Amino acid sequence: MKVMVVGGGGREHAIIKGLKKSPKIDVIYALPGNGGIAADAECVDIGAKDLDGIRDFAVREGIDYAVVAPDDPLAMGAVDILQAEGIRCFGPDKKAAVIEASKVFSKDLMKKYGIPTAAYEVFEEMQPALDYLDAASVPAVVKADGLALGKGVIIAETREDAKAAVRSMMEEKKFGESGSRVVIEEFLTGPEVSVLSFTDGHTVVPMISSQDHKRALDGDKGLNTGGMGTVAPNPYYTEEVAERCMKEIFLPTIKAMQEEGRPFKGCLYFGLMITDDGPKVIEYNCRFGDPEAQVVLPLLESDLLTVMEAVTDEKLAETEVKFSDSSACCVVVASGGYPQEYKKGCEITMGELTGKTEVFVAGAKLEDGKLLTSGGRVLGVTSVAPTLKEAIDTAYENAAKIQFENAYYRKDIGARALQAGSR
Ligand code: AMP
Ligand code: GLY
């Protein structure tokens, strides 16, 4: 089979390495891929948002199966366009991708179907939002409606900060059209759990749970980033919590999307907070998480392509989806200064990898046979081991062998999970 993966980050590298194990695949193309992905797939210089380019390439090459991984092309309708050409796809169509692309849609969906989430109000005009904040409790959470590269959420400690956030979104248009509507919601507390799931619109199969580390610095300090590391499984996702999530969140969400005429097929990501009142949805994503995919997919024992095809063919109920009972840790190695200013073009070298370790490249390009940094998050080092402690130790042992100018990584990925009792 000829398979094409749209995207070019660490998540796409993890998907490609997973697919590569499938005996059914002859060739994998990555659009656009990156300098590290080039070792595992044929990179084609077509951007993930160039929908015409993606369609023309797929038709010309006779692609049998396409995986659309990032949120932007999904929200723009990449799957609809490919399916119109008869190409089988993994990923939601545009109608279903709105579950991530519009926070107003997802909050209203949860309210309508009684799915637990933070209380909220939607504002289409600035003044009513500012007036509402005069009486709102703080911290207050202000969210831009649309996609904003994971940056459209501001947790404001004071009412003044919350108002400034509203102004930056609605007046200064900091996130463009994404901020033309805002959601102001109740601040929840509790440990966060990411649960990615496979769903074919009828059946939902949660993958192994994981925990992201979004802040730039140790101890969850510093700015929010795309994710500085992950561990799986997440110790807060106990069997009891999993049962409640299935009954109160996962199944009702799949059913709600069906009833709305927007059946969701692909990977639905549940961003959850385990509050004193039980699990609540913080956000939905219409795709694999990054860097969650980098710990979840290495633990998948079933053939990834077979599972993805079962999603496409709506045969998930009859398909085995098996995960290893090992643990995984991914340490993201970033360019010093990320998520703000950082240098690019630094040469990357890696020592011999030890243990069950893989490197997923996120931001690097190949030039004259050398791998050079080209992004903030440069790569993720994932190790799998029987216990989380060993997975963490091995990931760090290997992260220390990755060298480039100003390389930076957090030193405490997984520390909380260990404290919370992971084995
Ligand atoms: P999101 O982009 O929706 O994932 O939000 C980014 C981060 O903001 C989440 O991972 C949470 O840590 C935090 N967050 C979002 N909504 C809330 C909320 N209602 N209460 C507390 N924290 C939140
Ligand atoms: N790691 C969070 C996300 O992919 O949105």
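Table for the structure above
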read-out	value
Mean separation of Cα contacts under 8 Å (6+ apart) over length of the chain, as relative contact order %	17 percent
Relative contact order %, the stretch 308-423, counting alpha carbon pairs below 8 Å whose residues are six or more apart	34 percent
The chain - charge dipole about Cα centre, Lys and Arg +1 at Cβ, Asp and Glu -1, debye rounded to 20	380 debye
Partners for LYS315 among lysines (Cα-Cα distance below 17 Å; same-chain residues under 8 apart left out)	LYS255, LYS265
Burial ranking of peptide ranges 239-251, 176-188 (average Cβ count within 10 Å, highest at the top)	176-188, 239-251
Of VAL68, GLY336, SER194, farthest towards positive along the dipole that unit charges on Lys, Arg, Asp, Glu beta carbons give the chain	GLY336
Spin-label proximity, LYS49 to the stretch 73-87 - amide N less than 17 Å from point 7 Å beyond Cα toward beta carbon	73-79
Those aspartates and glutamates that a straight Cα-Cα span of less than 13 Å connects to LYS356, excepting residues fewer than 8 apart in one chain	GLU390, ASP393, GLU397
Relative contact order [Cα under 8 Å, 6+ residues apart], the stretch 237-387, whole percent	19 percent
For the chain: rounded, prolate or oblate by the Cα gyration tensor [a/c cutoff 1.5]	rounded
Of the GluC sites (Glu not before Pro) in the stretch 93-170, those whose Cβ has at most 13 other Cβ within 10 Å and which sit in DSSP loop	GLU124, GLU125, GLU157
Electrostatic dipole magnitude of the stretch 80-221 [Cβ: Lys, Arg +1; Asp, Glu -1; Cα centre; debye, to 20]	220 debye
Packing-based order for 269-279, 339-349, 68-78, 310-320, using average beta carbon neighbours within 10 Å, highest first	68-78, 269-279, 310-320, 339-349
Dipole moment magnitude, nearest 20 debye, the stretch 280-387 about Cα centre, only Lys, Arg, Asp, Glu C-beta charged	520 debye
Cross-link pairs LYS107/LYS411; LYS24/LYS280; LYS49/LYS401; LYS221/LYS389 - those with Cα-Cα distance over 31 Å	LYS107/LYS411; LYS24/LYS280; LYS49/LYS401
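The numbers here are math on the coordinates, done by the rules we state, and not lab data. Bear in mind that the values here come from a model prediction, so they are computed numbers and not experimental data. Please note: Cβ atoms are built from the backbone with ideal geometry, for glycine as well, and neighbour counts cover all protein chains shown.
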